[in-house]
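Asker: Submitted below is the structure of interest, expressed as structure tokens.
Derivation of every value follows stated rules applied to the coordinates shown; laboratory data play no part. Please read these numbers as outputs of a predicted model, since none were measured by experiment. We place every Cβ from the backbone using ideal geometry, glycine too, and count neighbours over all the protein chains shown.
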Amino acid sequence: MNFELKPLPYEPDALEPHMSARTLDFHYHKHYAGYMQKLKDAIGSGGLARASLTEIIRTTRDTDVFRNAAQVFNHEFFWQSLAPSGSRRQLTDGSLKDRIDRDFGGPDGFREAFKEKASGQFGSGWAWLVVNPDGTLAITSTGDADNPLTTSARPLLTLDVWEHAYYLDYQHDRGKYIEVFLDHLINWRFAGLNLEEAAATDASDTTRARGSRRGASAASRSS
Ligand code: FE2
């Protein structure tokens, strides 16, 4: 895997006034960079050093390697889930908008459901918009470092609800931080691209499965 820190996709002050440069600086350099260093230290030059971050997360559950690898993934996914001037205005017509309408009754329904799930996560964790294998959207939350990669769902967006993500700007007020994310910071373009990628991967898996079934039938006919 690539053990290098990924740069933020925007300048540290680009999300102001909704998320301060000070918050992003601390979050990136103290927390994200810390998880990356602990991951490198834990893996060393062993076999996992050649695995992808996703492979590590899926094969090391309940270990320190898992916790640090998952936190690296979660933070990199979180940076991309934010955008300067992100908002519901960016949720334009298309597959993602259609599914938000179908599964949550529209952007307002999504907002309420996401706020409830993110507020209700006890202690440190993450709130996620995910797509299930049947194509339905869902909002989930995970504790500590856990994430949807260990489930059949695929992540589209995430919000960090660890206190370090919002304390400097909003102190204890997680609810205000969640509302600001929902109203000003969501990178809907990133979520839409993740939905397209999930659909393309599922289609490719289906084609591969059909191919292997045809191969098995041909083999049984010729034997
Ligand atoms: Fe964080």
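Asker: Taking only segment 158-170 into account, find how many residues are in a loop (DSSP other than H, G, I, E, B) and among the β-branched types (Val, Ile, Thr). Steps first, please.
Answerer: Keep residues of segment 158-170 that are in a loop (DSSP other than H, G, I, E, B), which gives 161-162, 166.
When the remaining residues are screened for being among the β-branched types (Val, Ile, Thr), the result is 161.
The total comes to 1.
Asker: Continuing with this model, one more query. Go through segment 9-27 residue by residue and tally those that are in contact (Cβ under 8 Å) with a residue 24 or more places away in the chain and within 14 Å of the ligand (Cβ to nearest atom).
Answerer: Narrowing segment 9-27 to residues in contact (Cβ under 8 Å) with a residue 24 or more places away in the chain: 9-10, 14-15, 18-20, 22-23, 26-27.
Retained after the next criterion (residues that are within 14 Å of the ligand (Cβ to nearest atom)): 19, 23, 26-27.
Adding up the residues that qualify gives 4.
Asker: Given Val180, Val131, Val161, which one is farther than 24 Å from Glu197 by Cα and either away from the ligand (no atom under 12 Å from the Cβ) or free of Cβ contacts under 8 Å to residues at least 24 places away in the same chain (or both)? Don't jump to the end; show me each part of the working.
Answerer: Numbers: Val131 fails: farther than 24 Å from Glu197 by Cα; Val161 fails: either away from the ligand (no atom under 12 Å from the Cβ) or free of Cβ contacts under 8 Å to residues at least 24 places away in the same chain (or both).
Result of the check over Val180, Val131, Val161: Val180.
Asker: Looking at this structure, is Ala33 surrounded by 20 or more Cβ atoms within 10 Å (Cβ to Cβ) and within 16 Å of the ligand (Cβ to nearest atom)?
Answerer: Details: surrounded by 20 or more Cβ atoms within 10 Å (Cβ to Cβ): no; within 16 Å of the ligand (Cβ to nearest atom): yes.
It is false that Ala33 is surrounded by 20 or more Cβ atoms within 10 Å (Cβ to Cβ) and within 16 Å of the ligand (Cβ to nearest atom).
Asker: Residues being part of a helix (DSSP H, G or I) and either basic (Lys, Arg) or under 19 Å from the mean Cα position of the chain (by Cα) (or both): count how many of those fall in segment 14-33.
Answerer: Keep residues of segment 14-33 that are part of a helix (DSSP H, G or I), which gives 21-33.
Next cut, either basic (Lys, Arg) or under 19 Å from the mean Cα position of the chain (by Cα) (or both) only: 22, 24, 27-28, 30-33.
Going through segment 14-33 one residue at a time, the tally reaches 8.
Asker: State yes or no: is Leu96 in contact with a Phe, Trp or Tyr (Cβ under 8 Å, 6 or more places away or on another chain), free of Cβ contacts under 8 Å to residues at least 60 places away in the same chain and in a helix (DSSP H, G or I)?
Answerer: Numbers: in contact with a Phe, Trp or Tyr (Cβ under 8 Å, 6 or more places away or on another chain): yes; free of Cβ contacts under 8 Å to residues at least 60 places away in the same chain: no; in a helix (DSSP H, G or I): yes.
For Leu96, the condition - in contact with a Phe, Trp or Tyr (Cβ under 8 Å, 6 or more places away or on another chain), free of Cβ contacts under 8 Å to residues at least 60 places away in the same chain and in a helix (DSSP H, G or I) - is not met.
Asker: From the residues in segment 40-73 that are in a helix (DSSP H, G or I), closer than 25 Å to Ala191 by Cβ and small (Gly, Ala, Ser), which one is nearest to the ligand (Cβ to nearest atom)?
Answerer: Among those residues, the one meeting the criterion is Ala70.
Asker: Restricting attention to segment 74-123, and to residues there that are among the basic types (Lys, Arg) and touching an Asp or Glu at 6+ places or on another chain (Cβ under 9 Å), which single residue is farthest from the ligand (Cβ to nearest atom)?
Answerer: Of all residues in segment 74-123, those among the basic types (Lys, Arg) come to 88-89, 97, 99, 102, 111, 115, 117.
From what is left, the residues that are touching an Asp or Glu at 6+ places or on another chain (Cβ under 9 Å) are 88, 111, 115.
Working: Arg88: 24, Arg111: 22, Lys115: 19 Å.
That would be Arg88.
Asker: Within segment 158-177, how many residues turn out to be surrounded by 23 or more Cβ atoms within 10 Å (Cβ to Cβ) and of a type in the set (A, V, I, L, M, F, W, C)? Talk me through it step by step, then tell me what you get.
Answerer: Residues of segment 158-177 surrounded by 23 or more Cβ atoms within 10 Å (Cβ to Cβ): 158-161, 165-166, 177.
Filter once more, keeping what is of a type in the set (A, V, I, L, M, F, W, C): 159, 161, 165.
Looking only at that region, the number is 3.
Asker: Taking only segment 99-138 into account, find how many residues are part of a loop (DSSP other than H, G, I, E, B) and of a type in the set (D, E, K, R). Show your work before the answer.
Answerer: Just the residues of segment 99-138 that are part of a loop (DSSP other than H, G, I, E, B), to begin with: 105-106, 121-124, 132-136.
In the following step, the residues that additionally are of a type in the set (D, E, K, R) were identified as 134.
Looking only at that region, the number is 1.
Asker: So, one more: Return the residue satisfying two criteria in turn: it lies in segment 139-157 and is part of a helix (DSSP H, G or I) and in contact (Cβ under 8 Å) with a residue 40 or more places away in the chain, and of such residues it is surrounded by the fewest Cβ atoms within 10 Å (Cβ to Cβ).
Answerer: Let us first name the residues in segment 139-157 that are part of a helix (DSSP H, G or I), namely 148-150.
Of the ones still in play, those that are also in contact (Cβ under 8 Å) with a residue 40 or more places away in the chain are 149-150.
Numbers: Leu149: 19, Thr150: 14.
So, considering only residues that are part of a helix (DSSP H, G or I) and in contact (Cβ under 8 Å) with a residue 40 or more places away in the chain, the one surrounded by the fewest Cβ atoms within 10 Å (Cβ to Cβ) is Thr150.
Asker: Conditions: (1) more than 14 Å from Leu91 (Cα to Cα); (2) surrounded by 17 or more Cβ atoms within 10 Å (Cβ to Cβ); (3) of a type in the set (Gly, Ala, Ser); (4) more than 16 Å from the ligand (Cβ to nearest atom). Ala200 meets all but one. Number of the miss?
Answerer: Only one criterion in (1) more than 14 Å from Leu91 (Cα to Cα); (2) surrounded by 17 or more Cβ atoms within 10 Å (Cβ to Cβ); (3) of a type in the set (Gly, Ala, Ser); (4) more than 16 Å from the ligand (Cβ to nearest atom) is unmet by Ala200, namely (2).
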